[in-house]
Amino acid sequence: MSNNLTESSFLNSPLFGIGLMIIMTACFSSLDASAKYVSNELPLLMVMWGRYFFHFIFITIFFLRGEPRDILFAKNLKLQILRSVLIFCAGVTFWSGLMYLPLADCTVITFISPLLVTILSVFLLGEKFGFHRWGCVMIGLLGVIFVIRPGMGIAHWAVVLPLLSALFYAIILITTRVLGQRENVLTTLFYTSIGGLILSSIMVLFFWKAPTPIQWLLLIWLGLLGAVGHFFMIKAFEKAPASLLAPFNYTSLIWATFLGFFLFGDLPDAWAIIGAIIIISSGFYLVKRESSPAVV
């Protein structure tokens, strides 16, 4: 009896949410690395289509076990559609950046998402922040400059793409937290897949190229990683507050660095490492301030 109670307590604890968040970062880093690999062989929009088509197949087979009406009924349909479109846009911009930039560098740039959440909270939610939090945002943006190094003959125009992806992801974080308090996790998972599937299915008609058997397997792999990753993300936000989970999103840099080196022979240079340290430090400090509402 006590063992069952202990297990139940752990499964409903914030610690379990942290574990889910770390697994999520591993899934998404593997998804990005796989997409970068297969994008060398297939058009990007075909890769996006495969990711969403098989994502939808997997959640239909393994996750949608309740009454279809329960899953399809969204309490906030407009927000579900917005989140779905934003996830598609974030994926397209990030994966487009991966065609030109190393995986770890793109990942570091997207680490400004929590800082962008702070900025967007002012305009979207009417929140007010003081000197410390705004200073934290400015320092984090300085870290991005270290990574992209404009004016030093190193920056590539494609750095704009992961920056856009970071902006989309920041809005996704806000909508996920709102939906996590109101919606069935499977409802959100369903709309995540169906929105991307509709958009990619329309666009892929203009870029279709017959995949080889190996390429089909890679597209199926993308769908599996996407479905599992989003499921873990949504469940993590159910188990723990965003302020607690946010720092563990940085574990994706570990996965991205390992996968980037293992698959493509890429390693972040000294400038990118310095930028990552600055961005992550400002992110940790921001989370600490956010967890103390009385402090601005």
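Is there a residue being aliphatic (A, V, I, L, M) and at pLDDT below 80 anywhere in the range 188-208? Step through it out loud before you land on a result.
The first filter runs over the range 188-208 and keeps only residues aliphatic (A, V, I, L, M), leaving 189, 194, 197-199, 202-205.
Checking which are at pLDDT below 80 leaves us with 189.
The answer is yes; a qualifying residue exists.
Out of the helices (runs of 4 or more DSSP H) lying entirely within the range 173-247, which hold 1 or more residues that are within 18 Å of Y52 (Cβ to Cβ), touching a helix residue (DSSP H, G or I) at 6+ places or on another chain (Cβ under 8 Å) and not hydroxyl-bearing (S, T, Y)? Show your work before the answer.
On the way: elements: 185-204, 213-239, 242-245.
Here the list reads 185-204, 213-239.
Does L86 fit the bill of being touching a Lys or Arg at 6+ places or on another chain (Cβ under 6 Å) and at pLDDT 90 or above? So that I can check it myself, show each step before the final result.
On the way: touching a Lys or Arg at 6+ places or on another chain (Cβ under 6 Å): no; at pLDDT 90 or above: yes.
Judged against the criteria, L86 is not a match.
Annotation for the range 218-237: no member residue is crowded, with 16+ Cβ neighbours inside 10 Å, more than 30 Å from L15 (Cβ to Cβ) and more than 21 Å from the chain's Cα centre (by Cα).
Between I198, I194, the distinction of being of a type in the set (A, V, I, L, M, F, W, C), touching a Phe, Trp or Tyr at 6+ places or on another chain (Cβ under 7 Å) and either over 22 Å from I22 (Cβ atoms) or crowded, with 19+ Cβ neighbours inside 10 Å (or both) belongs to I194 only. Restricting attention to the range 54-83, which residues are modelled with pLDDT under 85 and among the aliphatic types (A, V, I, L, M)? Scanning the range 54-83 gives I59, I61, L64, I71, L72, A74, L77.
The values are calculated or read from the model by the stated rules, or taken from the named source; none is laboratory data. This structure is a prediction, so every number in the text was calculated from the model and none was measured. Note: ideal-geometry Cβ built from the backbone for every residue, glycine included; neighbour counts use all protein chains shown.
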